[in-house]
Structures are given as C-alpha cells and as structure tokens.
2 protein chains.
Amino acid sequence: MTDQMRRITLARRPKGMPVPDDFALETDPLPELGPGEVLVAVTYLSLDPYMRGRMDDAKSYAPSVGLGEVMTGQGVGRVVASRADGFAEGDMVTGITGWASHAVLPGDQLRKLDDRLPPTTALGVLGMPGFTAWTGLRKYGRPQKRETLVVGAATGPVGSLVGQLAKSAGLRTVAVAGGPEKCRLATETFGFDAAVDHRAHDDARSLRKALAEAAPDGVDIYWENVGGKLLEAVLPLMNTHGRIPVCGTIAWYGGVEDSADRLPATWRAVLVKRLSIDGFIIFDHWDDYPKFLQEMAPKVAAGEIAFLEDVAEGLENAPEAFIGLLQGRNRGKQIVAI
Amino acid sequence: MTDQMRRITLARRPKGMPVPDDFALETDPLPELGPGEVLVAVTYLSLDPYMRGRMDDAKSYAPSVGLGEVMTGQGVGRVVASRADGFAEGDMVTGITGWASHAVLPGDQLRKLDDRLPPTTALGVLGMPGFTAWTGLRKYGRPQKRETLVVGAATGPVGSLVGQLAKSAGLRTVAVAGGPEKCRLATETFGFDAAVDHRAHDDARSLRKALAEAAPDGVDIYWENVGGKLLEAVLPLMNTHGRIPVCGTIAWYGGVEDSADRLPATWRAVLVKRLSIDGFIIFDHWDDYPKFLQEMAPKVAAGEIAFLEDVAEGLENAPEAFIGLLQGRNRGKQIVAI
C-alpha cells in the first residue's frame, strides 16, 4: 500500500472557461486516521458542471474551493483502513472524496454501495444527477400525460433521465443536444421523441423555429439546465401555466457579468403564459434520496433505465476531462477512473 | 338625453410607444337596447398598462383589439335606460364599457357600486389594480414578517397597495419610482420605508447599488411589474427562496422582439437563490374578488388605505393620458372623466 496521495488542487481562479493551468497536481503523505475515520482509495471520481461555480469566489449556494485546496467532488472507492464502526477493509463506499487518489472521511459521511450495481452508477444515474432529475421533475415539473417536455443537454446524466422519466409518464419529449451524434443518441438510446441540434442554429430565433416544429403543441415543461440561447428560444413557445425547473445554467458558467448572452424581452412570456419558474439545488432535497434509490435502483439493476458513462483514465487527466465537460465534449456522465 | 355616443377606436397598431394617431375618435348613434341590456352613461374610464398589449396583434392572454374597434377598458357610469332585471335608471354601475361615452351591456356583465365609496375606487384601489396587488402578494409573494419587499412603479395603483399591504404584514418595503416627487410620495403618502429613484441611475449596476443600500438584508419579494433595467438590478440581490410575482413588464411594452433591454446572466440568481417566479394574470382569479372586497372596502371607507388618482378630463384626451401612463407621467391611478 502506498503512503502517498495525489490530489488536484485549485491553483488559481479561472476567468470564464477554465484552462489546465488553473489546476495543480500535488502529492502529499497520507494522513493518520483519527477515531471514527475511514481511509478510502478512490476508484472513480464524478465530474459535474456545478464544480465550475465552486471555482469562483462569488457567493453561490455552496462555499467556494479555496486557492490551494483540493477540488471538491463525489467519488467511489474501496476502504483500505477503518477506525469507524460499520466499515471494514474492502467495502465499496461513496462520499465527497474530492479530486484525489485517497480520502480520509468520517464514517458518517460515507455510504456503502449496493454490490448488485456497478459502482459508477452511484455517481450518475443513481447519484446526484439521477436524483436531481427525479426530484426536479416531480416537484417542479409536475408532468401530466400528453404534455410536451423540452430538455437541454439531453444526453447528459440529468437530461437523459429527465427524458426517460417524462416519457414513461406519457409526455412527448424533445431533446436539445449539440451535434448530430448526440441527437441520434437522444432518440435511439434515451428514447426521446425528437431531437434538435442547437449547433445547427446560430441564433435563438432559428433555434426557436426548429423547436416549434419538434413541439407542435407548445412546451409545457422546459427543463432549464442550459440558459443562454436555448432559454431565449424556448420562452415564447411555453404553454400557459408551463413550468420551468431551473437546475443549471451551464451556458453562463463561463463568466457571468460580462457574458454577451442575453435574455431579452422574451421574459414577457413569464407573465403572459403564467409560467412558474423554480430554481432548485439538489442539496436541499437529500431527505428524499432513500425514496429515490428505492424506486430507481431496481429499474437500473433490471436494465430498464438507459445511462451512458464517459470514463477518463487517471487523476492527472481530470482537469482536461472537466474542461471537456463544460464544452460539451462528453456524451454521458463524466467519470474519472483513478 | 343625447342619442349619440363617442368612442375611441384603434386606428392602427402602434410600433413601440403609441402615438395619438394610433387612435381615432368616432361618433355613432346610440344602439337600441335589447332584452336584458342596460345603457350606461360612462362617467369615469380606467386606463391601465395591460391595454398596450391589447393593441398588438401578438398572441397574449386576452384577444387583441381589432382595427377600428373600440379600445377595451373598465368604466363606471350611471344607468340611463335598462331592460335588465335589477338595474334601474340612476344606478351607479361598473363594467367593461370600453373607451366610450356610453355602453350597452348585458346586466350580468355589470356590477352595482357601493354608494358609501367614491365611484372611482371601483377602478383603482378596489378594482382590478387593488385586487391584483392583494391576490398576487398573498398567493405568490407569501410575505413573512421582517422580510424585505421591493416594488417598481411604486406609486401606481398596484405598487402602492402592494407596499401598504406588505408594510402592514411587518415587512421592510422599498419603493422604486421615477423622479424625486414620486419617491417622496412613496415614503410620505404610501408609507414605504425607503424609495429609490430609477431615473437617477443610468444602468442596472448603479441602480443595484442603490437598492442594496435600501435593502441591507437582501430582497425576499420582488414585485415584478416593470422588467428591463430594474429586474436586472434586483435579481442578484434576491435572498435564497425569494419570490418574484410577475404581474407586468411595462418596460418592455413598447416593442418586445426588438427591445434593446436585456436580462443577462443575472438569470443565474434563479438557480443559486432557488427563486420562485410566477407569472399571473388577474383575470384568472376573479373568484376571489368578493373576498377581496369584503376585506378591503371597509379599510378604504375608513381611510386606512392611501390611494391616489390622476383624472384626465374628456374622452378625447384618453389617448394622451394613456401615452402618459406608459411613459410614467401619472402619479396615481389614471382615470378619465367622461
């Protein structure tokens, strides 16, 4: 067993899109285990868009990562030493390990994995992204049979589950994704009724026209995880009493104040259509997580839910994979194998 | 009794801000009364921002006014002839009379006025504007003691009642109004804790700074009846789980698609602060109107609610008064005495 751990730390705060030099790879001795603590050798690390927000100093829904501190994130791994009740060497667990080869965490911040499922599912379809889709759609989307749902980043881990859950609830589902390959994935793998390639449209007006064709009865639920051009395109297509759960604004992660993106007077649709728009952060809803697992884990185990994972190899490649995620280069849930 | 009626019709669809030539004054013979109908001599006509939307051909929450048709609107007046049960000559009534000296309406579309109150209150503080304030604040604002409310167009008939209702519920109330005179009105007549003059700020950033000083604990409820620069200024100041009832977007009435106004990435506050944004149209809520009257009419009669009315003289001056309303030249509820 090694006595060293590798960690990716925040070297400097990015301006707009992060670049590799914003991160540093550091090697440190493994810390001693205190009472109640567990040493985990991380096998897979989750990369998620929300991490971009943590790199800024700006006030957000969670504290920033400090300069020189390890990048935050959820991982799964194997227990290599334990001073906590209930955890033994060899157990597969998940927790907020950070971008690191090893993590020392209190036992009460770890959860043991169901060994009937691939461990990476705890990071994607059964982890935070899957739970976000399930919670947001039920609480804020309130889907009704025969309605139409539009979702951006539709092949991502959140969007792909939103689409499948809505489809199984009897809705028409329209994917928005970047490029023909992702659009094919959306319809063939994830079962969307239609897919619109946002890269084929230079402006909101052109994108709106394509969406209007894909959603001939208007849009009842717009799952907002993108912002920018897509939001502007969709707003006027919303039906009266439509709902817009807001779980992300990835188009605006790269620099908020100085963005050239705009949401012009299409905002007026909020009034005219009596829209309900609810921002939500999944961390507020963890109490429902057992209910989610109870409902979804058997479906995932039975192969009834499609999910895609993109696995990058090696902790040192996490920054590049993260930048690729923000640029939409991944196809499915972005994971790093440590 | 005259046998002629004068009416203001829509002569052409305005581009942006309406101009006098968009309207025409026509004179027609009074129509015959059918069974169940009432002839009303209009004494006061209400002018409201929503009428600008009716002048467009665009799909909105209510049908457009057709070219050559009388401008829509609520009026109060005296019954001069009746073939409807329950209405007699001399009764004071209110209904959708349009911009006209006389109206023929079915009795079931008229409501008799409470003669203990000035008839114009049926158009303002106890009419649609007052009911909008009362309904939207309760259903979508959900005010809690010690929270902070910001309202635009704060000396208008909606904003001034929103402020008073919020103040009496124990909130800190911040008015946004145009010019020092309206700001003084907001604090002295309507009891707002603070007032910010939006005309003193060229951009959203400067306005935001002034609002932040007036709302040192952040903003829990932003009553959205303006849009544009004010919305952009307020969004980042919202507190977590803030609410934004959207009852109007007056800044954007003058031309939606081509507006230079924008709501840039401040939209991200919707996510970060878990905001709830609910567009609402008062016409959906008329079932609650008797409850509103029961609660508010005694307070208005007792002088406990402050309200202001701007009365323009003469039907022929209605277009000019309406343009003034859209430009913010009125101080209180804009009424036309016929």
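The values are calculated or read from the model by the stated rules, or taken from the named source; none is laboratory data. Every value quoted in this text rests on a predicted model; they were computed, and no experiment measured them. Positions of Cβ are backbone-derived with ideal geometry, glycine not excepted, and every protein chain shown enters the neighbour counts. In case anyone asks, the SASA skips ligands and DNA or RNA and just uses the protein heavy atoms, side chains included. Shrake-Rupley method; radii C 1.70, N 1.55, O 1.52, S 1.80 Å.
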Accessible surface buried upon B-A contact (total; probe 1.4 Å; Å², nearest 100): 3500 Å²
Once the Cβ-Cβ distance between A:Ser168 and A:Glu69 is put in as r, and R0 is 30 Å, what FRET efficiency do you end up with, to the nearest 0.05? 0.15
Relative contact order of chain B (C-alpha contacts under 8 Å, at least 6 apart) in percent is 17 percent
I'd like the Karplus ³J(HN,Hα) series for segment A:75-83: coefficients 6.51, -1.76, 1.60, θ = phi - 60°, whole numbers in Hz, and an x wherever there's a Gly or Pro. x, 10, x, 10, 6, 9, 7, 9, 10
Quick one: net charge around A:Gly130, please, counting Lys, Arg +1 and Asp, Glu -1 for every other residue with C-beta under 14 Å from its C-beta. -2
About its Cα centre, how strong a charge dipole does segment B:1-125 have in debye, to the nearest 20, once Lys and Arg get +1 and Asp and Glu get -1 at the Cβ? 420 debye
Along the charge dipole of segment A:1-153, Cβ charges K/R +1 and D/E -1, which of A:Val151, A:Ala133, A:Ile8 sits furthest on the positive end? A:Val151
Report A:Ser101's accessible area, 1.4 Å probe, all protein chains in place, as a number in Å² to the nearest 10. 10 Å²
Near-label residues of segment B:104-137 by backbone N, under 18 Å of a point 7 Å along Cα→Cβ of B:Lys299: B:117-118, B:121-137
Could you give, in nm with one decimal, how far B:Arg111 is from each other copy of that position, shortest first, with labels 7 Å out from Cα toward Cβ? 5.2
Springs between alpha-carbon atoms under 10 Å, Gaussian network over chain B: tell me which of B:Asp220, B:Asp310, B:Asp202 tops the mean-square fluctuations. B:Asp202
Antiparallel DSSP bridges in the protein assembly as shown: what percent, to the nearest 5? 60 percent
Given unit charges at Cβ for Lys, Arg (+) and Asp, Glu (-), the dipole magnitude of segment A:128-282 about its Cα centre in debye, nearest 20, is 540 debye
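Once you order the gyration tensor axes a ≥ b ≥ c over the Cα atoms, which shape class does segment B:271-335 get: rounded for a/c under 1.5, otherwise prolate or oblate by comparing a/b with b/c? Don't jump to the answer; show the numbers that get you there.
Numbers: a/c = 2.05, a/b = 1.26, b/c = 1.62.
Note, shape of segment B:271-335 comes out oblate.
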Would you jot down the residues in segment B:232-248 that end up with at least 30 Å² less accessible area in the complete protein assembly than in the chain alone, with a 1.4 Å probe? B:Val246
Of the listed pairs A:Lys182/A:Lys273; B:Lys145/B:Lys299; A:Lys209/A:Lys229; B:Lys167/B:Lys229; B:Lys139/B:Lys273; B:Lys139/B:Lys182, which have alpha-carbon separations greater than 23 Å here? A:Lys182/A:Lys273; B:Lys167/B:Lys229; B:Lys139/B:Lys182
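Would you mind working out the accessible area per residue for segment A:128-282, using a 1.4 Å probe, and quoting it in Å²?
The answer is 33 Å² per residue.
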Using θ = phi - 60° and the Karplus curve 6.51 cos²θ - 1.76 cosθ + 1.60, what whole-Hz ³J(HN,Hα) does each residue of segment A:104-109 get, with Gly and Pro shown as x? 10, 9, x, x, 6, 9
Residue-level accessible surface for A:Tyr289, protein heavy atoms, 1.4 Å, Å²: 20 Å²
For chain A, calculated [θ]222 nm from helices alone, where every DSSP H run of n ≥ 4 adds -39500 (n - 2.57): -6500 deg cm²/dmol
Neighbour count of at most 14 Cβ within 10 Å plus DSSP loop: longest GluC sites (Glu not before Pro)-free window in chain B: B:90-256
Taking R0 as 22 Å, what's the FRET efficiency between A:Lys209 and A:Arg184 from their Cβ-Cβ distance, rounded to 0.05? 0.55
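Can you tell me the dipole magnitude for the protein assembly as shown around its Cα centre, using point charges on the Cβ only (Lys, Arg +1; Asp, Glu -1), in Debye to the nearest 20? Mind dumping the intermediate values first?
Working: 74 positive and 86 negative charges, 46 e Å.
That gives a dipole near 220 debye.
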Label point distance in nm, A:Gln144-A:Asp217, each placed 7 Å from Cα along Cα→Cβ: 1.1 nm
Interchain or long-range residues, amide H under 5 Å from A:Gln334's placed H: A:Leu47, A:Asp310
Residues with beta-carbon under 11 Å from that of A:Arg329, excluding A:Arg329: net charge, scoring Lys, Arg +1 and Asp, Glu -1? 0
Where the label is 7 Å out from Cα toward Cβ, how close does A:Ala24 come to the same position in every other copy, in nm, shortest first? 7.7
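Taking a ≥ b ≥ c as the square roots of the eigenvalues of the Cα gyration tensor of segment A:128-282, is the shape rounded (a/c under 1.5), prolate (a/b larger than b/c) or oblate?
rounded
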Under the Karplus relation 6.51 cos²θ - 1.76 cosθ + 1.60, θ = phi - 60°, what is the ordered set of whole-Hz ³J(HN,Hα) values for segment B:23-30, x standing for Gly and Pro? 10, 9, 9, 10, 10, 9, x, 5
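Which whole number gives the average count of other chain Cβ atoms within 10 Å of the Cβ atoms across peptide B:272-284? Don't jump to the answer; show the numbers that get you there.
On the way: counts 11, 5, 7, 5, 6, 9, 7, 15, 5, 5, 0, 0, 3.
Average neighbour count from other chains, rounded to a whole number: 6.
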Between A:Arg329 and A:Leu33, what FRET efficiency comes out of the Förster formula 1/(1 + (r/R0)^6) with R0 = 41 Å and r the beta carbon distance, rounded to 0.05? 0.60
Between copies, how far does the label point of A:Asp57 sit from its twins, in nm, shortest first, when each point is 7 Å from Cα along Cα→Cβ? 5.4
